[in-house]
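Worksheet for the structure shown next.
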Amino acid sequence: MSLPHAILTALLEKPSSGLELTRRFDRSIGYFWSATHQQIYRELGKLEQAGQIRALPSKQPARGQKKEYEVLPAGREALSAWVARSEDPKQIRDPLLLRMRAAAVVGAPGLDAELRRHLGLHRRQLAEYLEIEKRDFPPERNSDEDRLRHLVLRGGIDLENFWIGWLTRALAQDERPSP
């Protein structure tokens, strides 16, 4: 149920149309909370019906005009209540881990190639995160908002470093001769 909270967060950062919001999701929040464009548009409608957001008045005729949304006080209150709530960590559900477990019982043809592919993907993602960090978080930017956003990015960087290390070890173990 976190998609509405992700949308409220993005709209509080900057009022946006649905199209702008989906583009912003692809470049920021989408790194750690993915959603399809259809899910975002559907959720915008639900949030508007719930009185948590509204479409800003338009100076032009509504037909074909994109709606720009802003968060209403009820939406800000709902987001604040959600932030204050306690929630347990989610259990990992990763197809690669399940595939490795299955390979233990049926054999592992092609598993090395898949591990190498994942290693490459995680290296590319790490490089992208490091570029974002360099661009968006210079040392002189240290407001509370920047600090918290940077911590989220650092979490992504740390996760990519974990996966790179783990995959490297898995590949090294797989290359050892069997006893």
Point to revise | Label zone at residue 2 (point 7 Å along Cα-to-Cβ), backbone N below 15 Å, region 10-36 | key: 10, 28-36
Exercise for review: Working from Cα positions, state the angle (0 to 90°, nearest 10) between the long axis of helix 73-84 and the longest principal axis of the chain.
Suggested key: 30 degrees
Check your understanding: Mind checking the dipole of region 77-179: about its Cα centre, +1 per Lys or Arg Cβ, -1 per Asp or Glu Cβ, Debye to the nearest 20?
Key -> 420 debye
Check your understanding: Length gain on complete extension for the stretch residue 93 to residue 42, per 0.36 nm per residue less the alpha carbon to alpha carbon distance?
Key -> 15.8 nm
**Study point:** Cα-based shape type of region 3-84, given that a ≥ b ≥ c are square roots of the gyration tensor eigenvalues and the cut on a/c is 1.5
**Key:** oblate
Review point. What are the principal axis extents of the Cα atoms in region 95-175, in Å, biggest first?
Key: 53, 17, 16
Exercise for review: Mind telling me which of 92, 29, 53 comes out most flexible in a GNM of the chain, alpha-carbon contacts under 10 Å?
Suggested key: 92
Revision key, fill the gap. HN-Hα couplings for region 32-39 via Karplus (6.51, -1.76, 1.60; θ = phi - 60°), in whole Hz with x for Gly/Pro, come out as 10, 9, 7, 7, 6, 4, 4, 4
Review point. In degrees between 0 and 90, to the nearest 10, how far off the longest principal axis of the chain does helix 111-136 point, with axes built from Cα atoms?
Key: 40 degrees
Exercise for review: With a point put 7 Å past each Cα toward its Cβ, work out how far residue 130 is from residue 104 in nm, to one decimal.
Suggested key: 3.3 nm
Practice item. Considering only 111, 79, 21, give the residue with the highest GNM mean-square fluctuation for the chain, with springs between Cα atoms whenever their separation is below 10 Å. Key: 111
Check your understanding: Given only helices, namely DSSP H runs of n ≥ 4 each adding -39500 (n - 2.57), what is the per-residue ellipticity at 222 nm of the chain, to the nearest 500 deg cm²/dmol?
Key -> -21500 deg cm²/dmol
Exercise for review: At a Cα cut-off below 23 Å, give the lysines reachable from residue 46, other chains included and same-chain residues fewer than 8 away excluded.
Suggested key: 14, 66, 67
Check your understanding: What full-extension length gain, to one decimal in nm, is calculated for residue 59 and residue 171 as 0.36 nm per residue of separation minus the Cα-Cα distance?
Key -> 34.3 nm
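Every number in this text was worked out from the coordinates using simple rules, so none of it is lab data. Note that the coordinates shown come from a computational prediction; the quantities given were computed from them, not determined experimentally. Don't worry about glycine lacking a Cβ; one is built from the backbone with ideal geometry, like all the others, and counts go over all protein chains shown.
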